[in-house]
Each structure stands twice: as structure tokens, then as C-alpha cells.
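Let me begin by presenting the structure, written as C-alpha cells, before commenting on it.
The values are calculated or read from the model by the stated rules, or taken from the named source; none is laboratory data. Since the model is a prediction, treat every value here as computed from it, not as a measurement. All Cβ positions, even for glycine, are placed from backbone atoms using ideal geometry, and neighbour counts span all protein chains on display.
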Amino acid sequence: MAMTRREFLAIVAAAAGSAALPGFVVGQTAGNREPVTPAHPLDVVLGRPTGTSITLSVLCAGESKALVAYGQQPDQLTTRTGVKLFQPGQPQELTLEKLTPNTRYYYQLLDANTAKPLGAGTFFTQRPPGSTFIFGVQGDSHPERPQMHDSELYARTLRTAAAGKPDFYVCMGDDFSVDTLRSLTAESIAERYAIQRPFLGLIAKTAPLFLVNGNHEQASLFNFNQADDRHDVAVWAATARNQYFPMPAPDGFYTGNPETVKSIGHLKDYYAWTWGDALFVVLDNYWHSPSRVDNPLHEGPGAHGGNKDRDWWGITLGDAQYHWFKQTLEQSKAEYKFVFAHHVLGTGRGGVDECDLYEWGGKNKHGDWEFNQKRPGWELPVHQLMVKHGVTIFFQGHDHIFARQEHDGVIYQEVPMPADQGYIAYNQDRYQSGVKLPNSGHLRVSVAPEKVQVDYVRSFLPKDETDQQKNGTVAYSYTVPAKRVGVAA
């Protein structure tokens with residue numbers, strides 16, 4: 001029997017608004033200060049949306065035979081996939097194809113034997129130029145750090161973000177930190193990614209997810225090139241990322257890294273796509289730098305190399321990624337251009353305060369121009385390249401604070417943490433200009449033909465709400481007009 005719109009929306013609302021995740025006791029409960037994997041029957045993470053397709057990654061706690069029913073009306077889910085056997089704890093992907101561009105779809109995951117709905121959601125296919133839409137961004141969630149991550153607050157942020165009905169959601173990295181694990185194995189690293197599934201599924205069942213590689217994931221070329229356990233960690237982290245979350249590889253809709261790596265396959269670490277009037281570009285600070293970029297894998301006494309012996313000119317996006325980035329910006333005719341990377345240079349602290357340094361800005365720490373000598377074959381440093389091609393906003397994480405700065409017409413937007421129950425403005429001394437605000441929350445970005453609006457949407461635990469600080473309120477907002485409108489910013 002077909003499900004009515006009211007029944008469908010009731011399922012979605014119940015899943016999005018429950019006080020806690022299914023089978024999950026909210027809060028940090030592990031005595032060793034590590035997060036506990038939530039118990040949950042299943043979750044769905046959407047990824048790789050195009051104009052005519054989308055991928056559903058399904059993770060079930062128990063063995064299940066299921067199929068997906070979908071359509072353009074919630075009470076007319078007439079198109080169905082074949083039945084698929086889902087094994088416990090093993091993410092498996094289903095791709096819905098031959099979809100109509102610029103269209104909202106509804107779907108249900110149905111038990112193949114009983115036709116009982118196991119999950120439900122909705123999504124939008126690629127918007128054409130001239131469209132208005134929303135996307136969301138969150139900073140470093142760090143679930144392994146109980147001092148700055150509360151699970152209930154995290155879930156609240158994700159539900160609040162989902163309520164804004166974004167077309168997709170971007171995570172800025174340091175969501176799957178592996179470098180505090182006591183035992184580094186393929187299984188323990190995969191669990192770092194599995195821990196996030198029931199949380200990110202709160203939004204990713206209705207907003208396809210895009211991931212940015214962070215330093216604490218340790219999926220880096222420096223680690224990969226080592227002849228010890230660091231090589232394995234790099235392989236395991238990159239493999240788990242692509243196993244648990246459906247990231248894009250070059251396919252005609254997405255451009256990106258064509259490289260395949262032994263034991264991993266396509267890295268799927270940097271990529272770009274166009275949606276509406278906007279170009280979206282995700283960069284990877286870590287996999288293409290032969291020099292160590294940020295913290296070593298084994299921290300503390302005896303750490304590999306420490307933190308003070310780095311060759312800062314050795315830290316790089318790499319020739320291939322740089323030239324792809326340059327070509328992507330050059331060839332795009334999009335009105336707005338958004339670039340995402342974990343941080344300027346992938347290390348240090350600050351936004352525009354760091355953007356004139358090394359390959360990002362061309363100067364060494366003494367202010368001397370060394371770019372032409374250090375980067376032969378590169379047209380411009382990264383910042384100047386973004387200026388030349390009219391990048392609207394550069395989004396970064398890493399610094400655990402909301403900070404908006406601007407330099408040469410490019411906005412540098414540091415993204416707040418989503419789950420910091422202390423509501424702290426970390427590293428604010430490294431931002432010598434701009435607007436700085438404390439955690440927690442996410443960014444809601446509205447894209448329209450005439451302007452882009454960025455809202456910092458705050459998150460608070462119920463016990464911390466007051467008349468002045470309510471969950472879901474906008475703490476700060478700004479707009480960026482389209483250049484073709486000809487209105488001053």
C-alpha cells in the first residue's frame with residue numbers, strides 16, 4: 001500500500017527529532033576517554049549527487065534484505081531497486097539512476113520480506129543556473145576529545161542543520177581522528193569512521209555528504225612513504241573513508257584526482273562540481289605533500305620528527321593538485337566559487353594572517369618573496385590564484401572558532417565546531433582582524449542569483465539555553481553580492 005505524505009513525513013520527523021539516537025546512550029561513557037560506538041539498527045548516508053543519480057550508502061547492524069523505493073512524491077514511490085543483502089557492519093552502496101535534474105525525490109528503504117520501512121529520506125538533484133539553494137558546513141567535530149565534544153550537542157547541531165533543508169553538507173576534517181588510538185589496526189581505524197555514521201546520518205539521509213581530509217585523519221603522503229606502521233595507517237584511513245562514505249571520483253559530473261593507489265584505489269580526496277550558480281572545490285592538504293604537514297602520527301616523547309623540524313616550503317598541495325585547481329578555476333563560468341580545505345597550508349593557525357606565506361602567498365617567514373624559486377612552473381601562489389579567478393569564500397577548519405576575514409576580495413571563513421559544550425573561541429589570538437565568535441554551531445549558506453548569505457547558526461544544550469542564547473538562532477550573518485549585480489559588498 002502506498003504511503004501518504006503525512007505518514008512519510010512522520011517517519012522522517014520521528015527520526016530527525018528523537019531525543020537520542022536509536023539504541024544510543026548520549027554522552028561520553030568510555031573510561032579511557034575514547035568515544036563509544038553507538039548501537040543503531042541502520043543508517044543511510046547520501047553521496048555523489050548529480051543531475052541524474054545519487055548514491056545511498058547503507059550500514060545495517062544485522063543481516064537484512066532490503067530495497068529502495070523512490071519517486072517525486074512521497075505517496076508515489078513507484079520506482080524500486082533490486083533486493084540487496086546487507087551484511088552486518090559492512091557499508092554497501094546503492095545508486096539511483098535515470099533521475100530528473102532539478103527535482104526533489106523521496107525514498108524509503110524497505111524490508112524485502114515485510115515491506116516495512118526501515119528508513120526514509122529525501123534529496124534534490126543538481127540545480128541549474130539561476131537557482132536558489134542552501135548548503136551547510138561544519139568544522140572539526142573531534143569525537144575523540146570529550147573536553148570539546150558532547151554527543152548530545154553534536155546530534156542537536158546536525159538536526160538543526162537538517163531542519164534548514166540543505167542540498168548537501170560539508171565536513172571540514174578532523175572528524176575521524178586516528179592518532180590517539182592505542183592500537184593502530186585496520187579495524188580500529190575503520191571504527192573511527194563507523195562511529196560517525198549514526199551522527200552524520202542525521203543529516204546525510206537528506207543532504208548528501210562531502211568530506212574534507214584533516215590532519216588528524218593521518219591519511220597523508222608523508223605517512224604513506226614511510227617504511228613502518230605509518231604507511232599502513234595512511235592506507236587504512238583512506239580506505240575506511242571511502243568504504244564508509246561515498247566520495248566522488250572523476251566521472252564527467254565531478255572532476256578531481258584521477259590517481260589510483262595500490263591497496264586503496266581512487267583516493268577521492270580532491271574534487272569539484274557545479275551546482276546552480278556555484279563552483280565547489282575541495283582540496284586535500286595532506287596526501288600530496290612529501291613533507292610532513294602538521295602533527296606527527298606518534299605524538300609525545302619520541303614522536304617522529306617533532307613539530308619544529310619541518311621544511312615549510314616542502315609542505316605542498318603538489319604539482320598535480322595545484323594544476324588541476326588552476327584549471328578548474330580557469331574553466332569555470334560559475335558566478336560564485338567556493339573552496340574548501342582543512343586549513344591554509346594545512347597547518348599553523350589563522351586565516352588571512354597566514355595567507356601570504358610559502359606556496360599559499362609566496363613569501364617566507366621573513367617576508368622575502370621566494371615563490372618563483374620554490375615553485376617553478378606554478379603561475380601564482382594559491383591565494384593570488386583565488387584572487388585572480390574570483391573565489392568568493394575560502395572555507396577552512398582546524399582552528400575551532402568562527403572567524404570571518406577578508407583579503408584582496410576573498411573571504412576567509414573559519415568554521416565553528418559543532419559539539420563544543422564549553423562554547424569556547426579557541427585560537428582567537430591568531431586572528432588579528434575580522435569577526436570572531438565562540439563555538440558551537442554550523443554554517444548555513446544560502447546561494448541565490450543575486451547574492452550569497454552566510455549564517456552562523458548556534459547550537460546549545462537545553463540546560464545551557466537562556467533568553468539570550470537559543471539553539472538555532474543566528475549569531476552572525478553576512479552577504480556577498482553577485483559581481484554581475486554591480487553592488488558594493
> Are there any pairs with C-beta distances below 8 angstrom linking a residue in the range 249-270 that is among the basic types (Lys, Arg) to a residue that is surrounded by 13 or more Cβ atoms within 10 Å (Cβ to Cβ), with the two at least 6 apart or on different chains, and if so which?
Replying inline: 268/241; 268/242; 268/247; 268/248; 268/249; 268/256; 268/257
>> Within the range 121-161, take every residue that is closer than 15 Å to residue 43 by Cα and aliphatic (A, V, I, L, M) and give me the one that is surrounded by the most Cβ atoms within 10 Å (Cβ to Cβ).
In response: 158
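Taking the range 256-293, which residues are part of a strand (DSSP E or B) and within 23 Å of residue 445 (Cα to Cα)? Don't jump to the end; show me each part of the working.
Filtering the range 256-293 for residues part of a strand (DSSP E or B) gives 256, 260-261, 265-266, 271-275, 278-282.
Listed by number, the residues that qualify are 271, 272, 273, 274, 275, 278, 279, 280, 281, 282.
Residues that are under 27 Å from the mean Cα position of the chain (by Cα) and either surrounded by 14 or more Cβ atoms within 10 Å (Cβ to Cβ) or at pLDDT 95 or above (or both): which strands (runs of 3 or more DSSP E) entirely in the range 32-98 hold 2 or more of them?
Numbers: elements: 42-47, 54-60, 64-71, 84-86, 92-96.
Answer list for the range 32-98: 42-47, 54-60, 64-71, 92-96.
Looking for whichever is touching a residue at least 12 places away in the same chain (Cβ under 8 Å), under 23 Å from residue 185 (Cα atoms) and of a type outside the set (Val, Ile, Thr) here; the options are 214, 314, 318. Which one fits? Even if it seems obvious, please write down each step before you answer.
Values: 314 fails: under 23 Å from residue 185 (Cα atoms); 318 fails: under 23 Å from residue 185 (Cα atoms).
Exactly one of 214, 314, 318 is touching a residue at least 12 places away in the same chain (Cβ under 8 Å), under 23 Å from residue 185 (Cα atoms) and of a type outside the set (Val, Ile, Thr), namely 214.
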>> Looking only at the range 392-420, filter to residues that are crowded, with 23+ Cβ neighbours inside 10 Å and among the small types (Gly, Ala, Ser); which one of those is farthest from the chain's Cα centre (by Cα)?
In response: 403
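Filter the range 104-120 down to residues that are charged (D, E, K, R) and either more than 29 Å from residue 134 (Cα to Cα) or modelled with pLDDT under 95 (or both) and give me whichever is surrounded by the most Cβ atoms within 10 Å (Cβ to Cβ). Don't jump to the end; show me each part of the working.
Filtering the range 104-120 for residues charged (D, E, K, R) gives 104, 111, 116.
Checking which are either more than 29 Å from residue 134 (Cα to Cα) or modelled with pLDDT under 95 (or both) leaves us with 111, 116.
Details: 111: 14, 116: 11.
Checked the range 104-120; the qualifying residue surrounded by the most Cβ atoms within 10 Å (Cβ to Cβ) is 111.
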>> Among the residues of the range 319-354, what is the count of those that are in contact with an Asp or Glu (Cβ under 9 Å, 6 or more places away or on another chain), more than 25 Å from residue 135 (Cα to Cα) and either outside any helix (DSSP H, G or I) or of a type in the set (Asp, Glu) (or both)?
In response: 3
> In the range 187-236, what residues are out of contact with any strand residue (DSSP E or B) (no Cβ under 7 Å at 6 or more places or on another chain), aliphatic (A, V, I, L, M) and assigned to a helix (DSSP H, G or I)?
Replying inline: 189, 190, 194, 195, 202, 221, 233, 234, 235
> Taking interchain pairs and intrachain pairs at least six residues apart, which have beta carbon atoms under 6 angstrom, with the first residue in the range 229-243 and within 17 Å of residue 212 (Cα to Cα) and the second among the acidic types (Asp, Glu) and assigned to a helix (DSSP H, G or I)?
Replying inline: 237/217
>> Out of the residues in the range 356-384 meeting the condition of being surrounded by 19 or more Cβ atoms within 10 Å (Cβ to Cβ) and of a type in the set (A, V, I, L, M), tell me which one is nearest to the chain's Cα centre (by Cα).
In response: 382
>> Go through (1) touching a strand residue (DSSP E or B) at 6+ places or on another chain (Cβ under 9 Å); (2) within 19 Å of residue 138 (Cβ to Cβ); (3) of a type outside the set (Lys, Arg); (4) surrounded by 19 or more Cβ atoms within 10 Å (Cβ to Cβ) for residue 435 and report which single condition fails.
In response: (4)
> Quick one: is residue 297 modelled with pLDDT under 95 and aliphatic (A, V, I, L, M)?
Replying inline: yes
>> Filter the range 229-250 down to the residues that are out of contact with any Leu (no Cβ under 7 Å at 6 or more places or on another chain) and either at pLDDT below 95 or small (Gly, Ala, Ser) (or both) and list them by number.
In response: 234, 237, 240, 249
>> Among the residues that make up the range 146-162, is at least one of them touching a helix residue (DSSP H, G or I) at 6+ places or on another chain (Cβ under 6 Å) and not in a helix (DSSP H, G or I)?
In response: no
